[in-house]
Amino acid sequence: MAEESSSSSSPAASFQQQHQQQLKNKSLLISSVAVGHHANGLTKAASSTVSSFANSKPGSAKKLVIKNFKDKPKLPENYTDETWQKLKEAVEAIQNSTSIKYNLEELYQIMIRSIFLFLDRTYVLQNSMLPSIWDMGLELFRTHIISDQKVQNKTIDGILLLIERERNGEAIDRSLLRSLLSMLSDLQIYQDSFEHRFLEETNRLYAAEGQRLMQEREVPEYLHHVNKRLEEEADRIITYLDQSTQCNAFGSTIVINPEKDKTMVQELLDFKDKVDHIIDVCFLKNEKFVNAMKEAFETFINKRPNKPAELIAKYVDSKLRAGNKEATDEELEKMLDKIMIIFRFIYGKDVFEAFYKKDLAKRLLVGKSASVDAEKSMLSKLKHECGAAFTSKLEGMFKDMELSKDIMIQFKQYMQNQNVPGNIELTVNILTMGYWPTYVPMEVHLPPEGKKELQVSLFQTLVLLMFNEGEEFSLEEIKQATGIEDGELRRTLQSLACGKARVLTKSPKGKDVEDGDKFTCNDDFRHKLFRIKINQIQMKETVEEQASTTERVFQDRQYQIDAAIVRIMKMRKTLSHNLLVSEVYNQLKFPVKKNATLDLKSTNITHDRSTCGNKTHAPLLAVQFGAGHSWSINFIKTNETYQGNIISFTYNTSDAVFKDAKTKGLITVVVKDALPPVQLNTVYKCHHLDSIEVANVSQFFWDVTLQAFVQNGTVSKNDSTCEADRSTVAPTTVTNLTTTPITTASSPLPTTTSKPVEKPLTGNYSLKDGDKTCLLATMGLQLNVSQEKPVLVNINPKTTYVTGSCGNTSATLRLNDSNSRFIDFTFAVKNTSANTQRFYLKEVNITLMSSINGSEPLDAGNNNLSIWDTFLGSSYMCQKEQTVLVTEELQIHTFDLRIQPFRVQDNKYSKAEECFADSDLNFLIPIVVGVALGFLIILVFISYVIGRRKSRTGYQSV
């Protein structure tokens, strides 16, 4: 910008200064646009030009003014001719492969700063498919410099050496480390080139240090050292390492690596056993360690959506299939119990159901189930874990098999009474369509009657009966005569000619059936058994079949989403889009694609490409932030107005925010006519929320104040407000850019708060743990905020949604009223004796992200409460108004309160213990006070009489 150009002494910089000066009385003002981001914590250093703006507090109004130069810069004589001559000679030297006589830095400044940056701000903005000069420069640097193995190895070795020195207690240049690692992240080689080696070195260092210190130090001293090391590594994560480094763990490597798919489930079970052993032996099953382990498993096992659920279903199939001689019945039962523990952690339980049902159908229909008892035991475990609805179709499959078995017994008894000649065994299964996986219907051709003594399937029977009519048939002839599908026919012929009981002979010999193969009856067939069962070869699951199963799961999920939306809207009647999305997320039991939100904070952005513009290119406000993200808007004008022309937003899906992105790299979206026309010499203001949606990206703006083409370097006193502001007043908050193609919904948006004049509405809130309600709450809520001036705010239950957690000894209820206000109630259990356990409200935390009538946003809490106390298993009730003191500036008023955070039975409140304010003994208070006063008067009178008698007659007793 202006200061940057003034510090340059090159001809190109002077040329840039001339363009800047040609603005004369024009400049660009940006005011009160609070921005920031929290993508991965890596930021570029802000230039000194915008330091006063960048260091401002979020939400506060600061101004950044780009002014003209005081002294008009002078261009050298013949500057244009000399510059073009230098460029011409340099280009010719490159074309002729000769040396360039000019300084390369000078040529760079001429070419890049004076030519390509101009194209970057004009031509590239109108062609979204073209990379900017910055992106192209990064790509060239990555390809030709940092990707060189020698350069990369020396760079990584130097970085690791600095980190090692810091771990040994030496002082190092952390800003240098931060810049180098930020560069690797921007170049998208951080994980491949640095992170892997860093984790190896870290593991080696602490393994050796741990072994040494365990021999030298006592346990308390050793644990203190471990805690210190953990704090140091956490500080490194915050200061210069990428946030993704913190997430890598052993469990993640098991799940994420596709090469481990065959052994994933077994490795997860072994890992779980190992962790359980450590918690049992080393930490005596401490509840905090157990909960931490559960959260960790739930986190990493779902980093790869759907695949763990599919592989767990296939693992169960391998254990329940006939021929599995690995375990006894007791060992198999223990194995199923362990699998169910892993099953609890996965989100995509519907994926497990689909693959488990398909495999169960194969086991039942071909008689390959190892044990009916084991099958029903697994079914019982699934029913206990997921409810009757989850296993209803699976139970229906068993009922169909039992019914078919009874029908076949009756059929055989009937045939025996008919004295039909022959001894043919026939088995037919009658299946209910809705219970079983869908199968493609197939028409086949039945041959004339024949006589055979083999126990075979229908397709095998059709093939064998053909040999009553001839001695040799080709694959094509059998296919045409029977009408069996090609793949199924090949497997059928393979079972008859290539299996253990080869009743047919294949020519030429081989394990697989190929085109042109011919088949004849095996006249030399011998077998010791009279009745021979020829097993049908089961088809291995193909990629198409796997994809088809997954597609059916996604179709079923769409129906579940539709049903969830209907349920929510029937209950809530009216709901904003953001709240509806959040509520749907809470109700669904499978993972869904979520939004990735980029919040721009003023301390983490740079404006390196911003410019006031000149006669040849328009003013540009450009913001760079995070790992390769950028946002810009350019301005144009007519004789009377100016307006925002094009908004360009580029986001980097290699950033840790987009951890589930299928494609990695930079994606740019462009919006034209971004800002309505505004009169020249007028400040545009819009506090109300405005949003732009294009290409699955939503950009939100509010609290905007700006003026382009400032005249005489002075901000105009004329204001132009947007249409939305003319009827509403909006609070101060921050700007969001929300991208939605990959990954929780963006934060609730601010709305206007007005002072309530009546008692708040009473809302009913509840939390569920699975299918069971674990917390019930009914209350009217009112906030009393007294920062600048006292103001009361009613919490509207119709626009408030509930999250939280349940436990045996603690529970948390979080209310979000959609106006950026979060209220957390934390309950705890006290007294360890089972007969005297009570619960109480232990802690309240309130976050006000938007201002209330000019008050500052705040985050306050009180963790030293002991109210709403009653017996565990009961509910606490108080219909009268109560006040909860959070801080001196913030209080909560409750009305018609009833709460039960533990031991909820049948989704209903237990017997309530009333607060004293509601008690029927309230009327006794004035009576007791009156009696006490009367007694006091009598006591005073007696004392008076005693005093009188003492003074007149000496000591006497009364």
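Out of the stretch 133-166, which residues are exposed (fewer than 13 other Cβ atoms within 10 Å of the Cβ) and outside any helix (DSSP H, G or I)?
D148
Mind listing just one residue for me: the one in the stretch 628-683 that is among the charged types (D, E, K, R) and closer than 28 Å to A724 by Cα and, of those, surrounded by the fewest Cβ atoms within 10 Å (Cβ to Cβ)?
Filtering the stretch 628-683 for residues among the charged types (D, E, K, R) gives 637, 640, 655, 659-660, 662, 664, 672-673.
Restricting the remaining residues to those that are closer than 28 Å to A724 by Cα gives 637, 640, 672-673.
Working: K637: 18, E640: 9, K672: 11, D673: 11.
Only one residue tops the list, namely E640.
Those residues that are open to solvent by less than 50 Å² (accessible area, probe 1.4 Å) and under 19 Å from K842 (Cα atoms), I need them from the stretch 807-816; list them, please.
From the stretch 807-816, those open to solvent by less than 50 Å² (accessible area, probe 1.4 Å) are 807, 811-813, 815-816; that's our starting set.
Answer for the stretch 807-816, where residues must be open to solvent by less than 50 Å² (accessible area, probe 1.4 Å) and under 19 Å from K842 (Cα atoms): G807, A811, T812, L813, L815.
List every residue pair whose Cβ atoms sit under 6 Å apart, with the two residues 6 or more apart in sequence or on different chains, where the first one lies in the stretch 383-412 and is under 14 Å from G434 (Cα atoms) and the second, anywhere, is of a type in the set (A, V, I, L, M, F, W, C) and in a helix (DSSP H, G or I).
If the second residue must be of a type in the set (A, V, I, L, M, F, W, C) and in a helix (DSSP H, G or I), the pairs left are T391/L379; T391/L382; L394/L379.
Scan the stretch 179-198 for residues that are touching a helix residue (DSSP H, G or I) at 6+ places or on another chain (Cβ under 8 Å) and either outside any helix (DSSP H, G or I) or open to solvent by 80 Å² or more (accessible area, probe 1.4 Å) (or both) and jot them down.
L187, Q188, I189, Q191, listed by residue number.
Would you point out which residue out of F297, F271 is in contact with a Lys or Arg (Cβ under 9 Å, 6 or more places away or on another chain), at pLDDT 85 or above and open to solvent by less than 60 Å² (accessible area, probe 1.4 Å)?
Values: F271 fails: in contact with a Lys or Arg (Cβ under 9 Å, 6 or more places away or on another chain).
Just one listed residue meets the conditions, F297.
When you scan the stretch 129-188, how many residues do you find that are farther than 30 Å from E232 by Cα and β-branched (V, I, T)?
We begin by selecting, within the stretch 129-188, every residue farther than 30 Å from E232 by Cα; these are 129-145, 147-150.
Next, from what is left, pick out any that are β-branched (V, I, T): 133, 143, 145.
Selection size over the stretch 129-188: 3.
Find all pairs meeting these conditions: Cβ atoms under 9 angstrom apart; at least six residues apart or on different chains; first residue within the stretch 560-573 and not assigned by the TED database to the domain that holds V351; second residue of a type in the set (F, W, Y) and open to solvent by less than 40 Å² (accessible area, probe 1.4 Å).
Once the first residue is not assigned by the TED database to the domain that holds V351 and sits in the stretch 560-573, its partners that are of a type in the set (F, W, Y) and open to solvent by less than 40 Å² (accessible area, probe 1.4 Å) give Q560/F590; R572/Y801.
Filter the stretch 843-881 down to residues that are modelled with pLDDT of 85 or more and among the charged types (D, E, K, R) and give me whichever is farthest from V785 (Cα to Cα).
Across the stretch 843-881, the extreme among qualifying residues is D869.
Looking only at the stretch 92-114, filter to residues that are at pLDDT below 70 and open to solvent by less than 50 Å² (accessible area, probe 1.4 Å); which one of those is farthest from E82 (Cα to Cα)?
I112
Within the set of pairs 6+ apart or on separate chains, which have a first residue in the stretch 427-451 that is of a type in the set (F, W, Y), a second that is modelled with pLDDT of 75 or more, and C-beta atoms under 7 Å apart?
Short answer, once both residue conditions are applied: Y435/K393; Y435/G396; Y435/M397; Y435/D400; W436/A361; W436/M397.
Residues that are outside the structural domain of A309 (by the TED database), closer than 28 Å to L160 by Cα and acidic (D, E): which helices (runs of 4 or more DSSP H) entirely in the stretch 199-299 hold 2 or more of them? Reasoning before the result, please.
Values: elements: 219-239, 250-256, 264-282.
Those helices (runs of 4 or more DSSP H) span 219-239.
Filter the stretch 862-889 down to the residues that are assigned to a strand (DSSP E or B) and open to solvent by 70 Å² or more (accessible area, probe 1.4 Å), then identify the one that is nearest to F839 (Cα to Cα). Can you show your working first?
Of the residues in the stretch 862-889, the ones assigned to a strand (DSSP E or B) are 862, 867-871, 875-878, 882-887.
Retained after the next criterion (residues that are open to solvent by 70 Å² or more (accessible area, probe 1.4 Å)): 871, 883, 885.
Values: F871: 6, T883: 19, L885: 19 Å.
Here the residue is F871.
Just to check your reading of the model, which residue among V428, V420 is open to solvent by less than 100 Å² (accessible area, probe 1.4 Å), in the same structural domain as G367 (by the TED database) and under 54 Å from the mean Cα position of the chain (by Cα)?
V428
Could you check the stretch 895-914 and list, in sequence order, the residues that are over 12 Å from L775 (Cβ atoms) and open to solvent by 70 Å² or more (accessible area, probe 1.4 Å)?
Passing the criteria: Q905, D906, K908, K911, E914.
Quick one: in the stretch 567-620, of everything that is in a helix (DSSP H, G or I), hydroxyl-bearing (S, T, Y) and in contact with a Phe, Trp or Tyr (Cβ under 9 Å, 6 or more places away or on another chain), which residue is modelled with the lowest pLDDT? Full working, then the answer.
Residues of the stretch 567-620 that are in a helix (DSSP H, G or I), as a first pass: 567-572, 577-587, 602-604.
Adding the requirement that they be hydroxyl-bearing (S, T, Y) leaves 582, 585, 602-603.
Then drop every residue that is not in contact with a Phe, Trp or Tyr (Cβ under 9 Å, 6 or more places away or on another chain), which leaves 582, 602.
On the way: S582: 74, S602: 48.
Here the answer is S602.
Would a scan of the stretch 462-479 turn up a residue that is at pLDDT 85 or above, farther than 24 Å from H527 by Cα and in contact with a Pro (Cβ under 9 Å, 6 or more places away or on another chain)?
no
On the given criteria, is G470 assigned to a helix (DSSP H, G or I) and surrounded by fewer than 16 Cβ atoms within 10 Å (Cβ to Cβ)?
Details: assigned to a helix (DSSP H, G or I): no; surrounded by fewer than 16 Cβ atoms within 10 Å (Cβ to Cβ): yes.
No; evaluated as a whole, the condition is false for this residue.
The values are calculated or read from the model by the stated rules, or taken from the named source; none is laboratory data. These numbers come from a predicted model, not from an experiment. Quick reminder, even Gly has a Cβ in these numbers, built from the backbone with ideal geometry, and neighbours come from all protein chains shown. Accessible surface is based on the protein model in full, side chains and every heavy atom, while ligands, DNA and RNA are left aside. Shrake-Rupley method; radii C 1.70, N 1.55, O 1.52, S 1.80 Å.
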